[in-house]
Structures are given as C-alpha cells and as structure tokens.
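S.K.: Encoded as structure tokens, here's the structure I'll be asking about.
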Amino acid sequence: MQRRLPKFGFKNINRVEYKAINLSTLQALAEAKKLEKIGVAELHEAGFVAKTQLVKILGNGTLTAKITVEAHAFSKSAEAAITAAGGTIVKL
C-alpha cells in the first residue's frame, strides 16, 4: 500500500512570489510612452502585471533612460543599472 501511493511534497506557506520584469521591458515602456516614472500602476496599464501581483525588477537588458522605478523588490544588477543610468529606486 505504501509503495502505491504517491509522495506529497512540502509547500512553504511563507513563500512570496513576484512577477519578474526585465530592464529591457522598462526601457521599451519608457521610450514608447515617454515616461519619467514607472510604477506598478504603469505596468498594470501596459498589461505586464495584474493589480494584486508583487513586482520584482531583474537586470536583464540595458537601460539608457533616466527614470524613477517603483517596485516591491529589485535584483542587485537591476539596482546598479538603474542608478548607473541616473535613475532612482523606490521600494514599496
């Protein structure tokens, strides 16, 4: 009987899931809409995230625009790239 039943894994109740957004996406959004500030509301309007999702900015791609980025979490490479481009970071 024990060999017939499947094993069940552990589900961490404290896990926080983020929606990943790359720097290349932010650059394209800033160029298309000529934005100085990109937050969760702007990403929701563009259709990248849902209203209730938490957003994490990842450092994939390049950023040349000087923008202010508001998100729930940032990777270290994304923080470095945003500040190197002259932008600012706001953690929610």
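S.K.: Which residue out of ASN60, ASN14 is in contact with a helix residue (DSSP H, G or I) (Cβ under 7 Å, 6 or more places away or on another chain), in a loop (DSSP other than H, G, I, E, B), open to solvent by 90 Å² or more (accessible area, probe 1.4 Å) and not β-branched (Val, Ile, Thr)? Steps first, please.
M.R.: Numbers: ASN14 fails: in contact with a helix residue (DSSP H, G or I) (Cβ under 7 Å, 6 or more places away or on another chain).
Result of the check over ASN60, ASN14: ASN60.
This table checks each residue for (1) open to solvent by 50 Å² or more (accessible area, probe 1.4 Å); (2) within 19 Å of LYS19 (Cβ to Cβ).
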residue	(1), (2)
GLU31	yes, no
GLU36	yes, no
VAL69	no, yes
HIS72	yes, yes
ALA85	no, no
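S.K.: Then there is this: Under 15 Å from LYS19 (Cα atoms) and open to solvent by 70 Å² or more (accessible area, probe 1.4 Å): is that true of PHE48 in this structure?
M.R.: In short, yes.
S.K.: Pairs, please: C-beta under 7 Å, at least 6 apart or cross-chain, first residue in contact (Cβ under 8 Å) with a residue 12 or more places away in the chain and at positive phi and in segment 72-87, second outside any strand (DSSP E or B) and open to solvent by 40 Å² or more (accessible area, probe 1.4 Å)?
M.R.: Listed by first residue and then by second, the contacts come to GLY86/LYS66.
The values are calculated or read from the model by the stated rules, or taken from the named source; none is laboratory data. A quick note: this is a predicted structure, and the numbers were derived from the prediction, not measured. Note: ideal-geometry Cβ built from the backbone for every residue, glycine included; neighbour counts use all protein chains shown. Accessible surface is based on the protein model in full, side chains and every heavy atom, while ligands, DNA and RNA are left aside. Shrake-Rupley method; radii C 1.70, N 1.55, O 1.52, S 1.80 Å.
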